[in-house]
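One structure is given below, encoded as structure tokens.
The values are calculated or read from the model by the stated rules, or taken from the named source; none is laboratory data. The structure displayed is predicted, hence computed values, not measured ones. Reconstructed Cβ throughout: ideal geometry from the backbone, glycine too, with neighbour counts over all protein chains shown.
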Amino acid sequence: MQLILNFSHPEATHSKLLQHILNICNWTDLQCCITMLLMEKQIIKPEPFVINPRHIAQGQYILNPMAQRLLKMAQRKFDFKNPNNREVKFSVNEFLQAFNLSKTVDRAELKDAFPELRKAGVDIREDLPDGGFHYEGFNFFEKVSSYWWSWGMDEITVKFTETMAVVMAEYEESGYQLLDLAKVGKLTGKYEIRFYEIAMSRYNQRDLKTGEWWFDYSLKEIRDLLKVGGKYPNAGNFKIRVIDGPLMRLNNANIGIQINTLTPKRMTKGNKIRFLCRCVTVENPKSTEPQVPTEELRNAFPEEWDRYKAEAFSSKEKPRFLEGFPDSQGFVITWAEGQADQKLSEAHPDFFKKEKKHGSKRI
């Protein structure tokens with residue numbers, strides 16, 4: 001059905017327009033049509049999603065979890081079609097409902113996020129005509145204030161800077177993705193929220209056959225992207241605290257996305273980590289039953305594991321996410337070992353039960 005509505009037409013009186021609509025569509029179509037029209041006119045917005053401009057999501061910034069949620073709520077209330085209206089207001093109740101947070105959230109935790117919000121900014125990448133690029137910094141807010149008078153009904157007011165309002169209004173040119181605020185509310189760490197935001201900003205790049213998509217970052221790029229600075233100078237400790245730990249918690253949050261990393265055998269300065277993303281069914285999350293430590297399986301069936309690894313490595317039908325990766329041979333080896341571990345687990349599903357029955361101590 002194709003329906004053109006024009007409320008501004010001089011002859012389009014409400015009664016004539018309504019009669020015209022009822023003559024050509026059923027009640028379901030009418031509801032759908034009116035909802036789409038109201039969304040287009042910014043009268044209502046899809047709940048509980050926020051327009052998340054790609055160039056901001058992939059920019060360099062970090063905030064504590066509560067400050068990141070307040071930022072997303074401010075974006076949610078921002079009128080992208082009218083960037084001159086830079087001030088937005090929302091109640092604490094509205095904020096808690098959008099992120100599906102408990103009403104027992106400490107008021108002090110909200111207040112503590114305000115100083116960080118007032119000085120928060122993002123460095124956005126700009127590609128240059130000569131093929132190079134540079135980052136330009138933008139502050140998010142000109143004003144962050146609140147009026148505390150009754151818990152839950154308190155009002156929070158933020159005003160975007162003029163430059164940030166212009167940057168956000170360019171969301172259609174830069175590309176954007178709708179971000180689910182309720183899922184952001186389930187994430188408790190600042191790095192988890194940023195990885196979720198970065199991954200979802202590339203959702204439109206997914207392979208339509210497999211539903212997978214991926215992106216690559218070096219350790220230095222991640223350090224810059226998440227504003228880690230000089231913390232965790234040891235590469236191994238950095239990877240555990242900033243990448244592996246946060247991604248494990250994100251994957252266990254049951255928010256419909258899994259992000260796994262594939263790392264080259266030799267993690268040198270120029271090599272990059274591939275972040276492999278896939279959507280999973282929220283209603284049926286993966287079992288959290290403890291599995292057999294990988295080394296125990298490998299040591300129990302070494303010849304079988306070597307055979308599975310060789311088969312995967314020599315396979316001509318490798319997944320697309322292995323294409324075009326730096327140090328690709330080492331990367332393929334890592335993938336082949338993972339495939340061998342998976343096949344070995346499938347071939348010996350009762351191994352862990354036997355070990356447990358005989359009192360084997362797990363690592």
Exercise. Of all helices (runs of 4 or more DSSP H) completely enclosed by the stretch 215-258, which ones contain at least 2 residues that are touching a residue at least 60 places away in the same chain (Cβ under 8 Å)?
Worked result: 219-225, 245-251
For this session: Scan the stretch 246-261 and give yes if some residue there is touching an Asp or Glu at 6+ places or on another chain (Cβ under 8 Å) and either assigned by TED's automatic domain parsing to the domain that holds Gln177 or hydroxyl-bearing (Ser, Thr, Tyr) (or both), otherwise no.
Result: yes
For this session: Give the residue that is modelled with the lowest pLDDT, with candidates limited to residues of the stretch 138-153 that are of a type outside the set (Gly, Ala, Ser) and under 17 Å from Pro115 (Cβ atoms).
Result: Trp148
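Looking at Ile124, Ile62, which is the one that is among the β-branched types (Val, Ile, Thr) and within 15 Å of Phe160 (Cβ to Cβ)?
On the way: Ile62 fails: within 15 Å of Phe160 (Cβ to Cβ).
Answer to the check: Ile124.
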Problem set entry | Test: residue in the stretch 166-182 that is surrounded by 15 or more Cβ atoms within 10 Å (Cβ to Cβ), in contact (Cβ under 8 Å) with a residue 60 or more places away in the chain and over 25 Å from Asn82 (Cβ atoms) | yes
Exercise. Which residue out of Phe90, Phe133, Phe140 is farther than 22 Å from Tyr196 by Cβ and not acidic (Asp, Glu)?
Worked result: Phe133
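To keep it simple, each residue is scored yes or no on (1) under 23 Å from the mean Cα position of the chain (by Cα); (2) free of Cβ contacts under 8 Å to residues at least 24 places away in the same chain; (3) buried (at least 17 other Cβ atoms within 10 Å of the Cβ).
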residue	(1), (2), (3)
Arg76	yes, no, yes
Leu96	yes, no, yes
Asn100	yes, no, no
Ala113	yes, no, yes
Gly137	yes, yes, no
